[in-house]
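Each remark here refers to the structure printed beneath this line.
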Amino acid sequence: MTQTQKILVTGATGTVGRQVVAELLARGHAVRALTRDAARADFPAGVEVVQGDLTEPATLIPALDGVSGLHLITFGGAYFAPLETGPRILELARAAGVRRVTVLHGGGPSLLEDAVRADDGVDWTVLMPVEFMGNALEWADGIVTSGEVREPFVSRLSAMVHEGDIGAVAAVALTEEGHGGQEYVITGPELLTVTDKVAAMAAARGREIALVELTEEQAVAQWRAAGHPEDVIGFLLEAYGNTPEVGRTVVDTVEKVTGRPARTFGQWAAEHTDAFVAQPREATS
Ligand SMILES: NC(=O)c1ccc[n+]([C@@H]2O[C@H](COP(=O)([O-])OP(=O)(O)OC[C@H]3O[C@@H](n4cnc5c(N)ncnc54)[C@H](OP(=O)(O)O)[C@@H]3O)[C@@H](O)[C@H]2O)c1
């Protein structure tokens with residue numbers, strides 16, 4: 001049984017951060033959640049909400065007071081703009097007595113991640129998840145409005161990971177011994193194509209979903225129409241059209257670190273059926 005610890009979670013309103021919060025709470029720890037807008041944030045009962053901005057490290061000083069662990073993201077704005085303030089954040093964390101740090105790897109160079117890795121005063125763990133299962137929520141609108149998913153590269157393989165499992169690995173690394181200096185690639189338990197994912201979602205919601213394969217040109221047009229900047233479109237084309245081996249190789253990190261098997265995409269789809277069916281309109285008076 002591990003002792004109750006207090007952990008500061010940054011990115012706490014995000015896809016992964018919410019799961020880090022939930023997994024820490026489930027293990028009986030105290031959670032302080034950072035957001036830039038405390039009035040808008042919606043956290044489970046018992047979470048202490050603090051306002052702060054990673055691009056302004058001084059705003060983190062009260063948030064860091066009395067915490068033993070810190071979960072960090074590497075970005076600080078729209079389209080995951082890399083944080084320039086990493087070294088200062090790490091200095092403040094060390095001064096506050098933080099002993100364990102996890103950092104959610106962002107896929108590219110990061111001053112923050114470099115500062116974490118160079119810090120021999122804390123036990124740091126770099127979390128390197130592959131594609132999130134939650135990315136499938138981007139298909140929700142198309143499924144609800146026209147019963148179809150429009151995607152390129154439908155045969156590409158992905159070892160996609162449940163966000164809850166990233167949160168679980170983070171929660172263990174932040175509160176238990178033995179994870180310092182580790183880089184954890186985190187995947188789900190199976191390799192799936194887009195076709196497999198769409199079939200799993202159709203099974204979960206109990207209605208067929210048509211999969212329309214787009215050409216690269218059609219996909220680029222769709223992403224542009226959705227407002228994605230050109231560098232993001234380039235990233236998506238490369239990640240989907242030429243998925244690196246790490247993204248299509250299953251590893252057993254979740255089970256090794258948490259003692260539980262990694263969750264399947266079928267489980268994820270069953271948990272999210274509400275997003276894939278039309279919701280009844282609320283009555284207006
Ligand atoms: N999607 C994938 O398949 C995938 C796979 C591997 C790795 N990744 C990496 O995962 C990361 C994205 O994680 P996510 O999806 O959990 O993010 P997300 O859902 O987009 O959430 C963004 C979070 O960042 C916080 N934030 C942004 N700027 C901030 C600032 N200046 N100060 C404080 N907080 C700030 C937001 O907090 P507030 O708005 O509440 O302030 C929010 O909680 C990226 O680094 C990405 O490269 C993604």
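The values are calculated or read from the model by the stated rules, or taken from the named source; none is laboratory data. Please read these numbers as outputs of a predicted model, since none were measured by experiment. When we count neighbours, we look across all protein chains shown, and the Cβ atoms used for this are built from the backbone with ideal geometry, even at glycine.
Okay, here's what the table says:
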read-out: Exclusive hit being modelled with pLDDT under 95 and in contact with a Lys or Arg (Cβ under 7 Å, 6 or more places away or on another chain), set VAL212, VAL232, VAL194, VAL277; value: VAL277
read-out: Residues (under 19 Å from LEU83 (Cα atoms) and of a type in the set (Gly, Ala, Ser)) located in the range 1-47; value: GLY11, ALA12, GLY14, GLY17, ALA33
read-out: Which numbered condition PHE75 fails, given (1) under 15 Å from the mean Cα position of the chain (by Cα); (2) closer than 25 Å to ARG263 by Cβ; value: (2)
